[in-house]
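The block underneath contains the structure these notes are about, expressed in structure tokens.
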Amino acid sequence: MAERVMISAHMDEIGFLVRFIDDRGFLRVQALGGFDTRNLFARDVTVHARGGALPGILTPGGKPVHIATPEERKKIPEVKEFFIDLGLDADEVRAQVRIGDMVTLDQSARRVGRLVCGKAMDDRASVFLLLETLRALRGQDLRHELIAVFSTQEEVGLRGAVTAAYAVEPTVGIGLDVTLAVDTPGVPAEDAVTQLGQGIGIKVFDSTMISHRALVDRFWNLAQARGIPAQLEVLSLGGTDGAAIQRSRGGVPTLTLSLPTRYIHTVVEAVHETDLRAGVDLLVAYLR
């Protein structure tokens, strides 16, 4: 029997909102999504104001290293301590910026060896994966009905996938997202979660969902039969659009396919070309 398969990859990225403009024109921000503030020092940002994009510098308040005490140098600031310098007088800032304006981090994507590296690979890499899957399936007969969803507001609570799942009423759900690949120095192998370049992750568990076991087995067996690189994933924290689909209406059998990614929630998130290709191949094999 044909299934109605909803596949969801989110388009939003972690960022900020302007929450306050002080008397000197410096902006304070509200985080949208989870940040490790150690990665936010002296970052280029764009403030998306009414009259157009404004370049800015994001950095925490406090002394530079030259005059800071040893204790001050070790302190890890909270998001509320960061400010944005737009290089403008306070009156100019107030004329152009208002509370609630969006702020995004700046970083160009580039190739690093066999990696694709840049900001917002979470979840642009999965958006790419879904687009390539649609391209590969163009003009072909599919075993299942396919609804591709490019959701929003995943980073602040899986919100877009909730409304999409209620509208689509799928009989099978597939989330597409990144997962940790902490296969780097200083981390025990047992905490790596996945390995970069070893294939697409088939999620078994995260803190928001347990994938439907029959789907896990179906995708794993299909990968083994077709020689598609794949790895099983257990993630102790984090969640994906898959959880939103799984909980919609009366419940939907769902799993998530996860792209192993190094340096998640930084501006140098890195995915491997082998894992991208494996994700496309496995999705195409299932849908055919």
> Among the listed residues Asp106, Asp123, which satisfies the condition of being touching a Ser or Thr at 6+ places or on another chain (Cβ under 7 Å) and within 30 Å of Arg28 (Cα to Cα)?
Replying inline: Asp106
> Before we move on, is Leu88 of a type in the set (A, V, I, L, M), assigned to a loop (DSSP other than H, G, I, E, B) and in contact (Cβ under 8 Å) with a residue 12 or more places away in the chain?
Replying inline: yes
> Would you pick out the residues in region 145-169 that are open to solvent by less than 10 Å² (accessible area, probe 1.4 Å) and farther than 27 Å from His272 by Cα?
Replying inline: Ala165
> Do the conditions hold for Val193, that is, is it in a loop (DSSP other than H, G, I, E, B), in contact with a Ser or Thr (Cβ under 7 Å, 6 or more places away or on another chain), open to solvent by 10 Å² or more (accessible area, probe 1.4 Å) and within 17 Å of Val234 (Cβ to Cβ)?
Replying inline: yes
> For Val93, are the conditions met, namely being in a strand (DSSP E or B), at pLDDT 95 or above and surrounded by 14 or more Cβ atoms within 10 Å (Cβ to Cβ)?
Replying inline: no
> Would a scan of region 204-227 turn up a residue that is surrounded by fewer than 19 Cβ atoms within 10 Å (Cβ to Cβ), part of a loop (DSSP other than H, G, I, E, B) and free of Cβ contacts under 8 Å to residues at least 40 places away in the same chain?
Replying inline: yes
>> Among the residues of region 121-141, are any farther than 19 Å from Arg277 by Cα, open to solvent by 10 Å² or more (accessible area, probe 1.4 Å), touching a helix residue (DSSP H, G or I) at 6+ places or on another chain (Cβ under 7 Å) and not in a helix (DSSP H, G or I)?
In response: no
>> What's the total number of residues in region 17-37 that are open to solvent by less than 30 Å² (accessible area, probe 1.4 Å) and closer than 22 Å to Ile76 by Cα?
In response: 6
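The values are calculated or read from the model by the stated rules, or taken from the named source; none is laboratory data. Just so you know, these numbers come straight off a predicted model, no measurement behind them. All Cβ positions, glycine included, derive from the backbone under ideal geometry; neighbour counts span all protein chains shown. For accessibility, only protein heavy atoms count, side chains too; no ligands or nucleic acids. Shrake-Rupley method; radii C 1.70, N 1.55, O 1.52, S 1.80 Å.
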